[in-house]
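Just so it is clear, none of the values below were taken in a lab; they were calculated from the coordinates. Computed from a prediction, not measured in an experiment: that's the story for all the values here. With ideal geometry, Cβ positions are generated from the backbone for all residues, glycine too; neighbour counts draw on all protein chains shown.
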C-alpha cells in the first residue's frame, strides 16, 4: 500500500478471505452488494473499524455502542442485536481462522433502494451488513519514523450541517481533506473547526505535547474516537496532565511532540506539520510512554 497513516504490510492471505454479507460468507472476488444499495447510492450507513488481538476484538462494546448510536441517529434499523452482531463478527473470524493482527471493517447501510432516490421510505425492508476482516499490521516505517500532516482548508463543520459525531459512510469532507494533504506530499490532513481551532485529522485524532502536558481538541467537532478516549483515560489514570481545549496552529508548530491515534495503528508520532518540524524531530519521551501504556491496556483487555 502507498502513503497515509493506514499504511500496512501486505499479506498474501488476504487474497483468500471470506467476507460476511448479511450472514453469508463469500469469497473475496464474489463479495458484492447491489448497485441499488443505500451505501453505494447515497453513503447512507454507519461503520466501525475494529482490531483483533490474540483472539479478542478489543474495545468491542465501545465500538458497538457507537455503531448503534449512529444508526439510531439516522433512524436506521440494523435489524440484529449487538449480541447477534458480536456472534456474526466472531463467526467471520472463525471461518477465516483468524487470531491476531487483523483489522475488521464492519459496515451497515439502510439496505437496497427501490429506486435511486434519497428518501428512506424508498428502501426495501432489511439493512445490509458487511464484515471484512483482513490481515493488516501497521507499517513499522510510520509507527517508528513518524508522519507528516498538512492543514487542509476543509473544515469540520457544525452538527446542524453534518454531525461529526456520526461515523457515517458520508465522508466526503474527510476525503477532500485527505486529497489536499496527499497533493501536498503529506500522509494525512489536519482539520480545523469552524472557529479556526485544531479539531482532528481526516481519519485519526490529533494530540500535541507541550511543557509536559498532553493537549487534544474539545471534541466538539470530531468523532467520538475510541482510541482517543482510551488515551485520555490513560493520561488521567497515570498522572499525565491532559487537557481537552481549544488551541491553534500556533500551539501545534511550537509543540514538543505530536501524535495521532486510531484503532488501526494505535499511536503514531507526527514529525512535521505544514513543513514545520515538531520539537527536535527525535524526542518522543511522552509518546513512547503512552504507546507502552496503550499496549498494556490492550493486553489487559485481552486477558479480561
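Between residue 162 and residue 83, residue separation times 0.36 nm minus the direct Cα-Cα distance comes to 25.5 nm. A protection proxy built from the mean count of other Cβ atoms within 10 Å ranks the segments 239-252, 131-144, most packed first, as 131-144, 239-252.
Normalised by 2.2 N^0.38 Å, where N counts its residues, the alpha-carbon radius of gyration of region 140-303 equals 0.98.
Give, as ranges by residue number, the residues of region 271-304 whose backbone N falls under 19 Å from the point 7 Å along Cα→Cβ of residue 249. It comes to 271-279, nothing else. The separation of region 1-49 from region 79-111, counted between C-alpha centres, amounts to 12 Å.
As a size descriptor, the averaged projected area of the C-alpha convex hull of region 186-230 was calculated at 3.8 nm².
Relative to the longest principal axis of the Cα atoms of the chain, the long axis of helix 172-183 makes an angle of roughly 50 degrees. For region 64-126, the Kirkwood hydrodynamic radius from C-alpha pairs, put into Stokes-Einstein at 37 °C and a viscosity of 0.692 mPa s, yields a diffusion coefficient of 241 µm² per second. Here the Gaussian network model covers the chain, with springs between Cα atoms less than 10 Å apart; of 42, 64, 223, 42 fluctuates the most. The distance separating the Cα centre of region 164-231 from that of region 139-155 comes to 11 Å. Highest mean first, the peptides 171-178, 118-125 sorted by other C-beta atoms within 10 Å per residue fall in the order 171-178, 118-125. Note: the chain, Cα convex hull, 131 Å³ per residue. Given q = 0.21, 0.25 Å⁻¹, what are the Debye log10 I(q)/I(0) values for region 108-172, with equal point scatterers placed on the Cα positions and solvent ignored? Scattering profile of region 108-172, log10 relative to I(0): -1.05, -1.11.
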